[in-house]
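A quick write-up on the structure given underneath.
The values are calculated or read from the model by the stated rules, or taken from the named source; none is laboratory data. Keep in mind that what you see is a predicted model, and the values were worked out from it rather than measured. Because the Cβ atoms are built from the backbone with ideal geometry, glycine has one as well, and the counts that use them run over all protein chains shown.
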Amino acid sequence: MKRVKTLPFIVSSQPTKVDIRCCGCKSLINSDQLRLGVREYKSSSWFHYVCFWTNCYYRNHLRGVVGNTLAELVDGFSGIPPSDKSRLLTDASSAPSIGRRKSGSKLEIPYEGSEADGDYELDDNTFDLTNLVCCTVTKVQTNLHVSIRKYFVPRGRTCAKPTKYGISLNCEQWNKLELQVDDINSAIATTQKTLKEKEKEKDKKDCKDKNKLPGKEEFPDWILFSLSWKRRVGVFASGEEVVVDIREFSEEKTFSESDRGIRLKPDQWKQLQENINNINKSLRKLS
Ligand SMILES: [Zn+2]
């Protein structure tokens, strides 16, 4: 007799008619974006594919799982495009995060952490903002810095290293950022609202004149906060997300943005806020 089994996980990249919100970062998932979820009674908790591997409590249940076993755990696996399949296979077959693994497990071989899954080790004064963006507290001579930058995992290593992409804030700038967190969050909420309204308008418009392609540069508005004369925090819509951009502005180019800076996605901004106390602890420890 064939038993109907409810699989514990579910994957899909099929367009949906209803909005799905990611249980990890709480932002909306694009309707045709690859998403991974946990089956619950009658419904599912969905995550952005990347958020699943960083935020889902059950993510390690899909770790070290290969080939056919994956199809037995993840509903919809056979229905997703081959490229998504191989992506899922690659991520699932990598070992669980070393830091969280229970003792006594036999896997001790170093592996290459992948950008998406948060499988990398960091030192005590470095905090993961997800997706290989980290915030680290450093002391250069007598000066303390809070540096937010892109990291990478060298081949064959598990410890992530900083790249040159990002920005290093001095304590004064860091304190200013901290003081403006609430205002930045209100700016995010405002921008999100505008984004939704414009989307509605666009939908209406699209119905009226279907031949017109939607313009690309739709949300040029930045809400700016200042950390110092040249350093600013910008809140603006990038695609369907509202991002927080911490950047140095160049005087020569009449205060346009320079390359020095970092753009934080919603999850990363959230993680930064959650780590404020830890960052301040590190600052006290090193001072
Ligand atoms: Zn998400």
When every residue in segment 241-287 that is in a loop (DSSP other than H, G, I, E, B) and surrounded by 15 or more Cβ atoms within 10 Å (Cβ to Cβ) is compared, the one nearest to the chain's Cα centre (by Cα) is Lys265
If you go through Ser258, Ser282, Ser250, Ser287, the only one that is touching a residue at least 12 places away in the same chain (Cβ under 8 Å), in the same structural domain as Lys230 (by TED's automatic domain parsing) and over 16 Å from Lys150 (Cα atoms) is Ser250
Inside segment 13-30, the number of residues satisfying the requirement of being more than 14 Å from the ligand (Cβ to nearest atom) and either β-branched (Val, Ile, Thr) or loosely packed, with under 14 Cβ neighbours inside 10 Å (or both) is 5
* Do we have any residue at all in segment 124-132 that's under 24 Å from Ser287 (Cα atoms) and modelled with pLDDT under 85? -> yes
Lys205 vs (1) modelled with pLDDT of 75 or more; (2) farther than 23 Å from Ser27 by Cβ: all pass except (1)
Within segment 52-77, restricting to residues that are polar (S, T, N, Q) and exposed (fewer than 14 other Cβ atoms within 10 Å of the Cβ), the one that is nearest to the ligand (Cβ to nearest atom) is Thr69
Checked segment 18-43 for anything at pLDDT 85 or above and of a type in the set (Ser, Thr, Tyr); matches are Ser27
So, first residue more than 15 Å from Asn125 (Cβ to Cβ) in segment 262-279, second residue within 16 Å of the ligand (Cβ to nearest atom) and among the small types (Gly, Ala, Ser), Cβ within less than 6 Å, six or more apart or across chains; the pairs are Pro266/Ser27
Contact list, first residue from segment 159-182 and free of Cβ contacts under 8 Å to residues at least 60 places away in the same chain, second anywhere and loosely packed, with under 14 Cβ neighbours inside 10 Å, beta-carbon distance below 6 Å, six or more apart or interchain, is Gln173/Ser228
The residue that is modelled with the highest pLDDT, considering only those in segment 1-11 that are over 22 Å from Lys265 (Cβ atoms) and buried (at least 18 other Cβ atoms within 10 Å of the Cβ), is Ile10
How many residues of segment 31-51 are touching a residue at least 24 places away in the same chain (Cβ under 8 Å), crowded, with 17+ Cβ neighbours inside 10 Å and more than 8 Å from the ligand (Cβ to nearest atom)? The answer is 8
